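*Asks:* Dropping the structure in here first, questions after.
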Amino acid sequence: MAYRPARAIEAVADFLADPVRPADFPETRLRWRNDRAAAQIGLDNLSDSEWVAHFGRFQPLPDGLPQPLALRYHGHQFRTYNPDLGDGRGFLFAQLRDDRDRLMDLGTKGSGQTPWSRFGDGRLTLKGAFREILATEMLEALGVDTSRSLSVVETGENLDRQDEPSPTRSAVLVRLNHSHIRYGSFQRLAYAQDAGSMQRLVAYALEHYAPAATGPSPAAALLDHCVTGAATLAAQFMVAGFVHGVLNTDNINITGESFDYGPWRFAPAWDPDFTAAYFDHHGLYSFGRQAEALQWNVYQLAGALRLVAELEDLKAPLLAFADRYQAALATAALRRLGVASQGPDADAALVRAIEAALHATRMDPDRFWFDWRGGVRRAPSPADATYEAPAFADFLARIQAHATAAPTHDYWRDAEPCTMLVDEVEWLWSSIAADDDWAAFEAKIAAIRRMGAAMK
């Protein structure tokens, strides 16, 4: 794959972004380079020194953006509108084409202060970067539409944080996304009543991210695209057992990719009330409310698009969310099970049976998906008694019709599924924090990628 730079964002940068300078870090020590992702954008041949020059010192890529751009946006944060947002510790560093000819962004986290930093230091902890790698690798393996962690460079500063033992180490992360344009970018333009810029941003988004979208108006076509993306992402989160934790409108982008991982967790049980963020006191973004949260967010996007669209044109996409979510949930569940579709009604009934059984028994969801790959029950399993419980009767009656064959990859002969619960995350970090030992982390990444290969 050849490197193909792009600078499409410059067409809307005059109202969407501010040119900024990266921080001058006292140290740049390469900790992570994702050559698998880099190969898809033609950057896997960079030497380590070249890599650090671009992703630690932020020297522009050849023919790329001459200067980083901090994006402007507003957003609802836990459903309270905040007009004082924007890229406060990150920026858009570069755009380029991937091996599918998609326009991609290289965005940062922890790259220094910007006009939108407010009172923040613009930095990221090394632990925060480490956690984002684990989240993105696990989600990618599980088939979730996600950003990818391209690079982590440790930067040699000591940071004070309330939610980590301090002082703690610093780093700068580079993520690869299909887009960093958020719902909040449209909310900002609606807040300013800037219809001209709104029309330009809608046109830009359709051209580069949804060229096949249709509707009675450009804004309605974009909303339709975003509804599908949000519904699909919500379904993928559920089947992955993942809780993002901060589904604010400034954290949702128009391509439907999950990104910006803070207090995320994987749920140890199918518990609708399970939350990831210690500050989510009312469970607004709990495991079972993520579809509701993303649906609420697309309504806020529609409200912003009202500046340039008729209300009647926006209703149909919004009303389609629930059906698209249910269809996406069946697709994601069948994919993770590795079984065949038997039509929409049968697929939906199977999913309802799975949800009911997992909720009633509170068993480990990863164990369930692992034990029933291909629709064929592995034996023996620590969950054998659970599968014989009445809660699983409906599932047992339905799964045989969807079954394909026992899986052949050697991953499925392991004793335990590959998981990513919070205790393991903390254990993996402890070796790095105490001894700068990355061996367990590297082994975990290899295990995650092996699971991902087995699920294809």
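The values are calculated or read from the model by the stated rules, or taken from the named source; none is laboratory data. What you see is a predicted model; the values in this text were computed from it and never measured. Heads up, the Cβs are rebuilt from the backbone with ideal geometry, glycines too, and the neighbour counts pull from every protein chain shown.
*Asks:* Of the residues G215, G256, G229, G245, which single one is in contact with a Gly (Cβ under 7 Å, 6 or more places away or on another chain), assigned to a loop (DSSP other than H, G, I, E, B), modelled with pLDDT of 95 or more and closer than 28 Å to D98 by Cα?
*Replies:* That would be G256, the only listed residue that is in contact with a Gly (Cβ under 7 Å, 6 or more places away or on another chain), assigned to a loop (DSSP other than H, G, I, E, B), modelled with pLDDT of 95 or more and closer than 28 Å to D98 by Cα.
*Asks:* For residues that are over 22 Å from D347 (Cα atoms) and in a helix (DSSP H, G or I), tally how many sit in the stretch 379-426.
*Replies:* 12
*Asks:* Go through the stretch 115-140 residue by residue and tally those that are small (G, A, S) and either free of Cβ contacts under 8 Å to residues at least 60 places away in the same chain or more than 21 Å from D105 (Cα to Cα) (or both). I'd like the intermediate steps shown before the answer.
*Replies:* To start, the set of residues in the stretch 115-140 that are small (G, A, S) comprises 117, 120, 122, 128-129, 135.
Filter once more, so that each one left must be either free of Cβ contacts under 8 Å to residues at least 60 places away in the same chain or more than 21 Å from D105 (Cα to Cα) (or both): 117, 120.
Final tally of qualifying residues: 2.
*Asks:* Quick test for you: out of I41, I9, pick the one residue that is outside the structural domain of I254 (by TED's automatic domain parsing), over 23 Å from R123 (Cβ atoms) and outside any loop (DSSP other than H, G, I, E, B).
*Replies:* Just one listed residue meets the conditions, I9.
*Asks:* Return the residues of the stretch 125-147 that are under 21 Å from R29 (Cβ atoms) and outside any helix (DSSP H, G or I); say none if nothing qualifies.
*Replies:* T125
*Asks:* For the stretch 69-115, name all the residues that are assigned to a loop (DSSP other than H, G, I, E, B), of a type in the set (G, A, S) and more than 16 Å from F186 (Cα to Cα).
*Replies:* G88, G90, G110, S111, G112
*Asks:* For residues that are of a type in the set (K, R) and in contact (Cβ under 8 Å) with a residue 60 or more places away in the chain, tally how many sit in the stretch 279-313. If you could, list the steps in order and put the result at the bottom.
*Replies:* Let us first name the residues in the stretch 279-313 that are of a type in the set (K, R), namely 289, 306.
Then keep just the ones that are in contact (Cβ under 8 Å) with a residue 60 or more places away in the chain; that gives 306.
Adding up the residues that qualify gives 1.
Here is a yes/no grid of residues against (1) of a type outside the set (A, V, I, L, M); (2) more than 26 Å from L421 (Cβ to Cβ):
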| residue | (1), (2) |
| --- | --- |
| F58 | yes, yes |
| G64 | yes, yes |
| Y73 | yes, yes |
| T80 | yes, yes |
| F91 | yes, yes |
| R100 | yes, yes |
| D105 | yes, yes |
| L142 | no, no |
| D163 | yes, no |
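*Asks:* If you take the residues in the stretch 419-439 that are surrounded by 15 or more Cβ atoms within 10 Å (Cβ to Cβ) and more than 19 Å from the chain's Cα centre (by Cα), which one is nearest to R378 (Cα to Cα)?
*Replies:* Among them, the one singled out is L428.
*Asks:* If you don't mind, there's one more thing I want to ask. Identify the single condition in (1) touching a residue at least 60 places away in the same chain (Cβ under 8 Å); (2) surrounded by 21 or more Cβ atoms within 10 Å (Cβ to Cβ); (3) of a type in the set (A, V, I, L, M, F, W, C) that A276 does not satisfy, given that it satisfies every other one.
*Replies:* Condition (1) is where A276 drops out.
*Asks:* Quick check on the stretch 324-342: of everything there that is polar (S, T, N, Q) and outside any helix (DSSP H, G or I), which residue is surrounded by the most Cβ atoms within 10 Å (Cβ to Cβ)?
*Replies:* Of the residues in the stretch 324-342, the ones polar (S, T, N, Q) are 326, 331, 341-342.
Of the ones still in play, those that are also outside any helix (DSSP H, G or I) are 341-342.
Numbers: S341: 12, Q342: 14.
The residue in question is Q342.
*Asks:* Right, here's the next one. Among the residues of the stretch 274-317, count how many are closer than 24 Å to A240 by Cβ and part of a loop (DSSP other than H, G, I, E, B).
*Replies:* So the answer is 12.
*Asks:* Would you be able to tell me the number of residues in the stretch 243-274 that are in contact with a Lys or Arg (Cβ under 8 Å, 6 or more places away or on another chain) and either over 25 Å from Q187 (Cβ atoms) or of a type in the set (F, W, Y) (or both)?
*Replies:* 8
*Asks:* Scanning for something free of Cβ contacts under 8 Å to residues at least 60 places away in the same chain, surrounded by fewer than 24 Cβ atoms within 10 Å (Cβ to Cβ) and within 24 Å of Y3 (Cβ to Cβ), does the stretch 173-180 turn up at least one residue?
*Replies:* No, every residue in the stretch 173-180 fails to be free of Cβ contacts under 8 Å to residues at least 60 places away in the same chain, surrounded by fewer than 24 Cβ atoms within 10 Å (Cβ to Cβ) and within 24 Å of Y3 (Cβ to Cβ).
*Asks:* Output the number of the condition that D18 fails; it satisfies all remaining conditions of (1) farther than 24 Å from R182 by Cα; (2) assigned to a strand (DSSP E or B); (3) of a type outside the set (V, I, T).
*Replies:* With respect to (1) farther than 24 Å from R182 by Cα; (2) assigned to a strand (DSSP E or B); (3) of a type outside the set (V, I, T), D18 is out only on (1).
*Asks:* When you check P66 against the structure, is it in contact (Cβ under 8 Å) with a residue 12 or more places away in the chain, over 24 Å from the mean Cα position of the chain (by Cα) and in a loop (DSSP other than H, G, I, E, B), yes or no?
*Replies:* Considered against the rule, which asks whether it is in contact (Cβ under 8 Å) with a residue 12 or more places away in the chain, over 24 Å from the mean Cα position of the chain (by Cα) and in a loop (DSSP other than H, G, I, E, B), P66 comes out as no.
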